[in-house]
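Novice: Below you'll find the structure I mean.
Read-outs: derived from the displayed coordinates by stated rules, not from any lab. These figures come from a predicted structure and were not determined experimentally. Counting neighbours? That spans all protein chains shown, and the Cβs are built from the backbone with ideal geometry, glycine included.
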C-alpha cells in the first residue's frame, strides 16, 4: 500500500508541476496575444481547467506532506492525552471531508460526462474527475497517518 501511495504521489507531483507550468505559459500567451489584438479563446478555458487540476492535486500533495493550514497554538497548550484526541478528531474530520468530496465529486463527474466545454469541446466529466481521484488518494494518506499515529501511541 505504501509503495502505491508513493508512486501515486510522485505522479501527482509531476502533474502539479506540469499544470502550474502550463498555467503560466497559457496566461503569458493570453496576455501577449491580447496585446497584439489577437483573440485566442482556448487559452482562457484551458488555463481554467489546468488551474482546477493544480488546485486539487496540490491540495492532496500538501496533505501528504503535512503542509495543510492548521492553527496549533491552542492544541499545544493541551495536555498530551487531549492533544492525541484532537489529532484523531482532526484526522477523522479530514477523512469525512474528503469522503464528501469523493462522493459528490464522483456524482459531478458522472452527471457532466456528456457535457462538453464550450471552446475545447472536452467532456467536463473527465475534467472534474480530478476531484474524486485526489480525494481518494488523500483519504488513503489520512488513513495511513491515522495508523502511524496509533502505532506511535502504542509504543
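Novice: State yes or no: is residue 119 assigned to a loop (DSSP other than H, G, I, E, B) and either in contact with a strand residue (DSSP E or B) (Cβ under 8 Å, 6 or more places away or on another chain) or within 17 Å of residue 12 (Cβ to Cβ) (or both)?
Specialist: No; evaluated as a whole, the condition is false for this residue.
Rundown of residues vs (1) over 22 Å from residue 1 (Cβ atoms); (2) surrounded by 12 or more Cβ atoms within 10 Å (Cβ to Cβ), yes/no style:
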site: 73; (1), (2): yes, no
site: 112; (1), (2): yes, yes
site: 123; (1), (2): yes, yes
site: 133; (1), (2): no, yes
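Novice: Kindly evaluate residue 148 against the criterion of being free of Cβ contacts under 8 Å to residues at least 60 places away in the same chain and over 24 Å from residue 10 (Cα atoms).
Specialist: Considered against the rule, which asks whether it is free of Cβ contacts under 8 Å to residues at least 60 places away in the same chain and over 24 Å from residue 10 (Cα atoms), residue 148 comes out as no.
Novice: Select the helices (runs of 4 or more DSSP H) contained entirely in segment 1-110, then report the ones holding at least 3 residues which are under 18 Å from residue 136 (Cα atoms) and touching a residue at least 24 places away in the same chain (Cβ under 8 Å).
Specialist: Here the list reads 2-35, 41-65.
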